[in-house]
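Worksheet for the structure shown next.
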Amino acid sequence: MPNFLSKLKHSNSKGFSLVELLIAMTIVMIMLAVLSTILSGINYQLRTQRPRMEAVSNAQMAVDTVVRLVRMAGSRPLNCPDTFQVQALAPSTNLGNQYFGKLRIQSDWNPADCSLGGVEEDVTFSVNNEILYLDANQQIPFVDRISALRFKFFDKNNAVIPNPQIQTAEITYIQVEIDTTATDGHSTTVTSGASIRK
């Protein structure tokens, strides 16, 4: 019996050999190096993609705002006096190919109080120095990283209106295109549109 206990004690005291420890450490080091390379690549992709994602997010927010205000264009409460007028859509800055670079929208809705002094009730969308502005004098910046803004106007038959500055009464749909500018030089175009309430 004592011989069995001494064998058991001897087998339990045996550990890893130096060669086994070196092999295990080498495998762990290789796995850590591979993991470090993967994490470094992910971090690089995140750093390079972040400006582009932020620019696209800004453009999407800008398009959503333009579309929302286009849908409100011309709104005015019924109880306002006849002397209170809301102007029709006013496109300007002809870019060619039936695109326009500025658009003025008036609507009395925020609050509906027979004046155009509320928030986003008299807005002129334009771009200058990669900033989208909400006013004709370009004093109210809205979002940055915007390189271009284009509007195209359509009638009730979905035909492009050749001169929307004169044919404002025929406008039933506006297409909005916004180009982004990211620090890495990549540009993305976000497109949307909205129908005019008649």
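The values are calculated or read from the model by the stated rules, or taken from the named source; none is laboratory data. Given the structure is predicted, the values throughout are model-derived calculations rather than measurements. Methodologically, a virtual Cβ is constructed for each residue, glycine included, from the backbone with ideal geometry; neighbour enumeration extends over all protein chains shown. In case anyone asks, the SASA skips ligands and DNA or RNA and just uses the protein heavy atoms, side chains included. Shrake-Rupley method; radii C 1.70, N 1.55, O 1.52, S 1.80 Å.
Between Gln167 and Asn43, the modelled labels are 5.8 nm apart [label points 7 Å from Cα along Cα→Cβ]. Its Cα centre serving as origin, the range 70-155 has a Cβ charge dipole (Lys and Arg +1, Asp and Glu -1) of approximately 380 debye.
Who wins for biggest fluctuation among Leu149, Leu69, Leu32 in a Gaussian network model of the chain, springs between alpha carbons below 10 Å? Comparing Leu149, Leu69, Leu32 in a Gaussian network model of the chain, the most mobile one is Leu32. Put a plus charge on the Cβ of each Lys and Arg, a minus charge on the Cβ of each Asp and Glu, and nothing anywhere else: the dipole of the chain about its Cα centre is then about 1100 debye. The C-alpha atoms of the chain define a longest principal axis, and helix 2-12 lies at about 30 degrees to it. Highest GNM mean-square fluctuation among Thr168, Thr83, Thr180, for the chain modelled with Cα contacts below 10 Å: Thr83.
If a/c stays under 1.5 just call it rounded; otherwise compare a/b with b/c (prolate if a/b is bigger, oblate if not). Do that for the range 112-198, with a ≥ b ≥ c from the square roots of the Cα gyration tensor eigenvalues. Walk me through the intermediate numbers first.
Numbers: a/c = 2.40, a/b = 1.23, b/c = 1.95.
The shape class here is oblate.
Rounded to the nearest 10 degrees, the angle from helix 18-72 to the longest Cα principal axis of the chain is 10 degrees. Once both labels are positioned 7 Å from their Cα atoms along Cα-to-Cβ, the gap between Met29 and Arg68 label points is 5.8 nm. Mean sequence separation of contacting Cα pairs (under 8 Å, at least six apart), scaled by the length of the chain, corresponds to a relative contact order of 19 percent.
Looking at the chain, the accessible area is 63 square angstrom per residue; that uses a 1.4 Å probe and ignores ligands, DNA and RNA. Which of these values of Rg and Dmax of the Cα atoms in Å was calculated from the structure shown: [x] 25.7, 83; [y] 21.3, 86; [z] 32.0, 115? Checked against the structure: label [z]. The residue list Asn94, Gly117, Leu18 was ranked by how far each Cα lies along the charge dipole of the chain toward its positive end, using unit charges on Cβ atoms, and Leu18 comes out on top. Taking label positions 7 Å along the Cα-Cβ direction at both Gln175 and Thr83, the computed distance is 4.3 nm, reported to one decimal.
Shown for the chain: the carbon plus sulfur share of the solvent-accessible area, taken with all protein chains present and a 1.4 angstrom probe, equals 58%.
Calculate the length of the line joining the C-alpha centroid of the range 136-198 to that of the range 84-116, in whole Å. Cα centroid of the range 136-198 versus Cα centroid of the range 84-116: 12 Å apart.
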